[in-house]
1. Within region 20-38, restricting attention to residues that are in contact (Cβ under 8 Å) with a residue 60 or more places away in the chain and buried (at least 17 other Cβ atoms within 10 Å of the Cβ), which residue is nearest to LEU87 (Cα to Cα)?
2. Would you point out the residue of region 58-100, among those that are of a type in the set (Asp, Glu) and in a helix (DSSP H, G or I), that is surrounded by the most Cβ atoms within 10 Å (Cβ to Cβ)?
3. With respect to THR41, is the statement that it is in contact (Cβ under 8 Å) with a residue 60 or more places away in the chain, open to solvent by 30 Å² or more (accessible area, probe 1.4 Å) and among the polar types (S, T, N, Q) true?
4. Considering only region 28-57, state which residues are under 25 Å from VAL156 (Cβ atoms) and either modelled with pLDDT under 95 or part of a strand (DSSP E or B) (or both).
5. Could you tell me which numbered condition LEU13 fails, if it satisfies all but one of (1) surrounded by 16 or more Cβ atoms within 10 Å (Cβ to Cβ); (2) out of contact with any strand residue (DSSP E or B) (no Cβ under 7 Å at 6 or more places or on another chain); (3) in a loop (DSSP other than H, G, I, E, B)?
6. In this structure, is GLU111 without any contact (Cβ under 8 Å) to a residue 12 or more places away in the chain and either surrounded by fewer than 19 Cβ atoms within 10 Å (Cβ to Cβ) or part of a helix (DSSP H, G or I) (or both)?
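The values are calculated or read from the model by the stated rules, or taken from the named source; none is laboratory data. Every value quoted in this text rests on a predicted model; they were computed, and no experiment measured them. Virtual Cβ from ideal backbone geometry, glycine too; neighbours counted across all protein chains shown. All accessible areas refer to the heavy atoms of the entire protein, side chains included, with ligands and DNA or RNA removed. Shrake-Rupley method; radii C 1.70, N 1.55, O 1.52, S 1.80 Å.
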Amino acid sequence: IPVRGDRRISRALHALSRQTAARDVFDVIVVENGTRLFEATVRGSGASYLWLPEANTSRARNEGIRRTGGAIIACTDADCVPAETWLAELIKGFEDSPNVAAIGGRVDRYEPRTPVQRYGANLVSDQNSLNYLPILPLPYVVTANCAFRRDALERVGGFDEALLSGADVDICYLLSANTS
């Protein structure tokens, strides 16, 4: 989980502590980048803490990937609240589809309070179905709720650290191009 100044990381960590997946099958790694506010919070949750001095979400994700040995790399964000079955369902998705490089899930708004939160459109339309951009007919998943096979990520060189946004779309397109 990359985080930069987002206090909602506590809520995300609490949700991850309640996963139905056996605790010995996953690591939680938080990479704080550009701020240095949450080391005690992260360490207190039992998650691993890494720090990068500059803000770069892709670099933070890549560093987290380097620090874990898992065959499946699950991604979420500091402002997300994964359901209790989140990891178990992602893992099962890979077991059911052995040739798939990436799996993504729904992203719903969490406890919207203001009119904008309740009714405002967002870029991923709550990520309730596969997303496509008009430039290529390839689906992509968003890093708020997805997982990748480690070997697939390594094959394409990880997340592009030169991108300030859109690295999730970019990596999915790279994975699609490298599966043929």
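1. Taking region 20-38 and keeping what is in contact (Cβ under 8 Å) with a residue 60 or more places away in the chain, we get 20-21, 25-26.
Filter once more, so that each one left must be buried (at least 17 other Cβ atoms within 10 Å of the Cβ): 21, 26.
Values: ALA21: 6, PHE26: 9 Å.
By that ranking, first place goes to ALA21.
2. Step one: list which residues in region 58-100 are of a type in the set (Asp, Glu), which gives 63, 77, 79, 84, 89, 95-96.
If we keep only those that are in a helix (DSSP H, G or I) too, we end up with 63, 89, 95-96.
Details: GLU63: 19, GLU89: 16, GLU95: 8, ASP96: 9.
This residue is GLU63.
3. Details: in contact (Cβ under 8 Å) with a residue 60 or more places away in the chain: no; open to solvent by 30 Å² or more (accessible area, probe 1.4 Å): yes; among the polar types (S, T, N, Q): yes.
No; evaluated as a whole, the condition is false for this residue.
4. ILE29, VAL30, VAL31, ASN33, SER48, LEU50, LEU52, listed by residue number.
5. Evaluating LEU13 over (1) surrounded by 16 or more Cβ atoms within 10 Å (Cβ to Cβ); (2) out of contact with any strand residue (DSSP E or B) (no Cβ under 7 Å at 6 or more places or on another chain); (3) in a loop (DSSP other than H, G, I, E, B) leaves (3) as the failure.
6. Values: without any contact (Cβ under 8 Å) to a residue 12 or more places away in the chain: yes; either surrounded by fewer than 19 Cβ atoms within 10 Å (Cβ to Cβ) or part of a helix (DSSP H, G or I) (or both): yes.
Yes, satisfied.
Rundown of residues vs (1) open to solvent by 30 Å² or more (accessible area, probe 1.4 Å); (2) out of contact with any helix residue (DSSP H, G or I) (no Cβ under 9 Å at 6 or more places or on another chain); (3) modelled with pLDDT under 70; (4) farther than 18 Å from ILE73 by Cβ, yes/no style:
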| site | (1), (2), (3), (4) |
| --- | --- |
| TYR132 | yes, yes, yes, yes |
| PRO139 | yes, no, no, yes |
| ASP151 | yes, yes, no, no |
| GLU154 | yes, no, no, no |
| GLY158 | no, no, no, no |
| SER165 | yes, no, no, yes |
| VAL169 | no, yes, no, no |
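Matching residues to (1) under 14 Å from the mean Cα position of the chain (by Cα); (2) open to solvent by less than 20 Å² (accessible area, probe 1.4 Å):
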position: VAL3; (1), (2): yes, yes
position: ILE9; (1), (2): yes, yes
position: ARG18; (1), (2): no, no
position: ALA47; (1), (2): no, yes
